[in-house]
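To start, the structure itself, in structure tokens.
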Amino acid sequence: MNTLHDELTADPGFRRMLAIESLALEAAETIATLMAKRKTSRADLAKRLGKSRAWVTQMLSGKANLTIRTLAEVAHALDAGIALKAAAYPAKPARQEHAVPATPAAPALNRRTAPRRPLQLSPAAAASQSSVRSSRRPS
């Protein structure tokens, strides 16, 4: 049985988009980290770059389409450099197929004919729920 993850990662278009968005996010996180280390505000960085504060906000959110040159310019404004590393994707492990035991055909059930069973909570969930209930009671 394929999971949603298996189906998505089997799609070359999805893998391509994931690689693009992951790199954009990594660039934004790197810049945000540099800004924090240098104690540089968005307004200050915008001033150094000759750009608007809104542009810096878009860049940090991953919405700005950064070129390599722009990324280098931003890093330079923060007295830093950017190094790129390429890495091959890891090989996918061979899937092991699990045998599903055969079951006798069950009659189709719908909401009206399905037997109602009480919800069973794990001990941790039950304890959490009882503490929430007790905190709602008026004192």
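Couple of notes before you dig in:
The rows are residues; the columns are (1) at pLDDT 60 or above; (2) under 29 Å from the mean Cα position of the chain (by Cα); (3) aromatic (Phe, Trp, Tyr).
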residue: Thr40; (1), (2), (3): yes, yes, no
residue: Ala43; (1), (2), (3): yes, yes, no
residue: Arg53; (1), (2), (3): yes, yes, no
residue: Ala102; (1), (2), (3): no, no, no
residue: Leu109; (1), (2), (3): no, no, no
residue: Thr113; (1), (2), (3): no, no, no
residue: Gln129; (1), (2), (3): no, yes, no
residue: Ser139; (1), (2), (3): no, no, no
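- Pair list, Cβ under 7 Å, 6 or more apart: the stretch 75-97 residue modelled with pLDDT of 75 or more, other residue of a type in the set (Gly, Ala, Ser) and in a loop (DSSP other than H, G, I, E, B): Ala75/Gly81
- Subset of the stretch 10-26 (residues that are in a helix (DSSP H, G or I) and more than 17 Å from the chain's Cα centre (by Cα)): Ala10, Pro12, Gly13
- Exactly one residue among Glu29, Glu7 is in a helix (DSSP H, G or I) and either more than 18 Å from the chain's Cα centre (by Cα) or under 26 Å from Lys85 (Cα atoms) (or both), and that residue is Glu29.
- Among residues of the stretch 41-66, those that are surrounded by 16 or more Cβ atoms within 10 Å (Cβ to Cβ), closer than 17 Å to Glu29 by Cβ and among the basic types (Lys, Arg), counted: 1
- Filter pass, Leu25 being touching a residue at least 12 places away in the same chain (Cβ under 8 Å) and buried (at least 16 other Cβ atoms within 10 Å of the Cβ): no
- Among residues of the stretch 28-40, those that are among the aliphatic types (A, V, I, L, M), under 30 Å from Pro90 (Cβ atoms) and loosely packed, with under 13 Cβ neighbours inside 10 Å, counted: 0
The values are calculated or read from the model by the stated rules, or taken from the named source; none is laboratory data. Fair warning: this is a prediction, and the values are worked out from it, not measured in the lab. Please note: Cβ atoms are built from the backbone with ideal geometry, for glycine as well, and neighbour counts cover all protein chains shown.
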